[in-house]
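The values are calculated or read from the model by the stated rules, or taken from the named source; none is laboratory data. Not measured: the values here are computed from a predicted model. With ideal geometry, Cβ positions are generated from the backbone for all residues, glycine too; neighbour counts draw on all protein chains shown. SASA here: full protein model, heavy atoms, side chains in, ligands and nucleic acids out. Shrake-Rupley method; radii C 1.70, N 1.55, O 1.52, S 1.80 Å.
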There are 2 protein chains.
Amino acid sequence: MRNRGVLTIISGFSGVGKGTLVKALLDKYDNYALSVSATTRMPRPGETDGINYFFIRKEEFEEKIQNGAFLEYARYVDNYYGTPREYVEQQLEAGKDVLLEIEIQGARQIKKLLPEAFTIFIMPPDAVTLKERLVGRNTETMEVIEARLCRASEEAEGIEWYDSVLVNDNLEKSVEALHGLIQAAHCDTFRNKDFIKDIRKGVKAFSEGE
Amino acid sequence: MRNRGVLTIISGFSGVGKGTLVKALLDKYDNYALSVSATTRMPRPGETDGINYFFIRKEEFEEKIQNGAFLEYARYVDNYYGTPREYVEQQLEAGKDVLLEIEIQGARQIKKLLPEAFTIFIMPPDAVTLKERLVGRNTETMEVIEARLCRASEEAEGIEWYDSVLVNDNLEKSVEALHGLIQAAHCDTFRNKDFIKDIRKGVKAFSEGE
């Protein structure tokens, strides 16, 4: 089997606990690396360069776009957000499974460049639970809540595009299941073409009397 | 998530240890059921009806073929071999993951009837190990060994057709990996269409103010 890591794209409804799940996976297992996005927006209080984001200037970001340095990027209002390609490639080559938390638009861009990427959509156990998570903090205006529900409705449209769905109902169990999904992805036939070819070549040589 | 079991088709090179792996999986976990084939050949010493095979008469087998009672069947020389459909369906409905050890010709027949079937090809760590397993018993004639190597060469042709490949190098590790693959298959998006539709319907209803 090959040693290259699997780039794992994790999407899911807002409020479904993707970030917590990814963090718990990174804490528990050594074989993962987290892809850190670059952005041109200003750091918020508590955010650290290289941890939460790589904070870079707009001119630098646009130069990187020209140089193909992003696996995907998008512009929201006045700011760019993107996934630096080099770090992801380095980690994959080193055998690390790279985790990337991103929305479907970015996920589609990446899958075009790296068809071997494995895509997971994190689900709530049911719609009522999702609504409770979106509404339940009780600190938001009706407009904010309505916007969240509307966004969730949009997010729900793309689920079938993903390779796998994972229900996040219990953090400990879901972390194990997420780990299991990514390790299983290593065994997908289309990610093992070279290994299969090697075995076939060897077997053929023996059967021809070598 | 749905509760229906996943029909798992296990193929692999002769001598790669498929049977041992399947038995160990059945011994270790409760959520599996083994599909038992029907055949018209005579029981060999030590074989038990309903355990190794369902031994049935030729007329009965041919009647069952007419009635669509087999997921797949084949005739080798003078004997029929087939996978009874009813038992598999019952177990899947009961939520059991059904294991079926079968060659690619049968696997293809089943996949046409049950596109949700999950297919795994068991691999040796490398070609030399496979040769040693095929040759190494040191109790066979050259003709038998050559026939085995030739068959392995044929078996190697179909590997890419399978969903996943699994290397059987260490029984304990491989059983865990096999279990992981089958549990991960439960999360494949195309096996969760109804669940995804339900969530989407619920989310849409909320966002429209219900």
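Buried accessible surface for the B/A pair, both sides summed and rounded to the nearest 100, is 3400 Å² with a 1.4 Å probe.
Using Cα pairs under 8 angstrom and six or more residues apart, how large is the relative contact order of chain A, in percent?
Working: 277 pairs, mean separation 64.3, N = 210.
Reported as a whole number, the value is 31 percent.
In region A:148-162, comparing the full protein assembly with the chain on its own, the residues that lose 50 Å² or more of accessible surface at a 1.4 Å probe are A:S153, A:E160. Considering only B:F70, B:F55, B:F195, the mean-square fluctuation computed in a Gaussian network model of chain B, springs between alpha carbons under 10 angstrom, is largest for B:F195. Remark: relative contact order (region B:9-113) = 35 percent; criterion is Cα-Cα distance under 8 angstrom and separation of 6 or more residues. Out of every Cα-Cα pair that region A:148-210 contains, those further apart than 15 angstrom amount to 71 percent. Relative to the longest principal axis of the C-alpha atoms of chain A, give the angle of the C-alpha long axis of helix A:18-28, reported between 0 and 90° and rounded to the nearest 10°. Rounded to the nearest ten degrees, it is 50.
Using only the alpha carbon atoms of region A:60-128, find the Kirkwood hydrodynamic radius as the inverse mean reciprocal pair distance, in angstroms to one decimal. Spell out each step's value before the answer.
Working: mean 1/r = 0.0736 Å⁻¹.
Here the Kirkwood hydrodynamic radius works out to 13.6 Å.
Can you bin every Cα-Cα distance in region B:1-155 into 5 Å intervals starting at zero and give me the percent of pairs per bin, rounded to whole numbers? All Cα pairs considered, the percentages come to 2, 8, 15, 18, 20, 17, 12, 6, 2, 0, 0. Protection proxy ranking, highest mean first, for peptides B:106-118, B:181-193: B:181-193, B:106-118, where packing is the per-residue count of other beta-carbon atoms within 10 Å, averaged. Computed log10 I(q)/I(0) for the protein assembly as shown at 0.13 Å⁻¹: -1.18, from the Debye equation with unit scatterers placed on every C-alpha and solvent omitted. Cross-link pairs exceeding 31 Å in C-alpha to C-alpha distance, out of A:K96/B:K23; A:K173/B:K193; A:K173/B:K96; B:K96/B:K193; A:K197/B:K18, comprise A:K96/B:K23.
Below 11 angstrom from the Cβ of A:I56, what's the summed charge of the other residues (Lys, Arg +1; Asp, Glu -1)? Numbers along the way, then the final one.
Values: positive: A:R41, A:R57, A:K58, A:K64; negative: A:D49, A:E59, A:E60, A:E62, A:E63.
Taking every other residue near A:I56 into account, the sum is -1.
Under a model in which nothing but the beta-carbon of Lys, Arg (+1) and Asp, Glu (-1) is charged, chain B shows a dipole of about 300 debye around its Cα centre. Which whole-angstrom value gives the distance between the alpha carbon centres of region B:78-152 and region B:157-210? Result: 22 Å between the Cα centres.
Take region A:1-160 with all the other protein chains still there, run a 1.4 Å probe, and you get 53 Å² of accessible area per residue. Interface residues of region A:173-205, defined as those with an accessible-area decrease of at least 30 Å² between the chain by itself and the complete set of protein chains (probe 1.4 Å), are A:L181, A:A184, A:C187, A:T189, A:F195, A:I196, A:I199, A:R200, A:V203, A:K204. Residues considered: B:G68, B:G46, B:G95. Largest GNM mean-square fluctuation over chain B, using C-alpha springs under 10 Å, is found at B:G46. Across A:V175, A:V135, A:V165, mean-square fluctuation computed from a Gaussian network of chain A (C-alpha pairs under 10 Å connected) peaks at A:V135. Counting only protein heavy atoms and a probe of 1.4 Å, the accessible surface of region B:58-210 is 50% carbon and sulfur. For region B:64-106, the list of trypsin sites (Lys or Arg not before Pro) that fall in a loop by DSSP and count at most 10 other C-beta atoms within 10 angstrom is empty.
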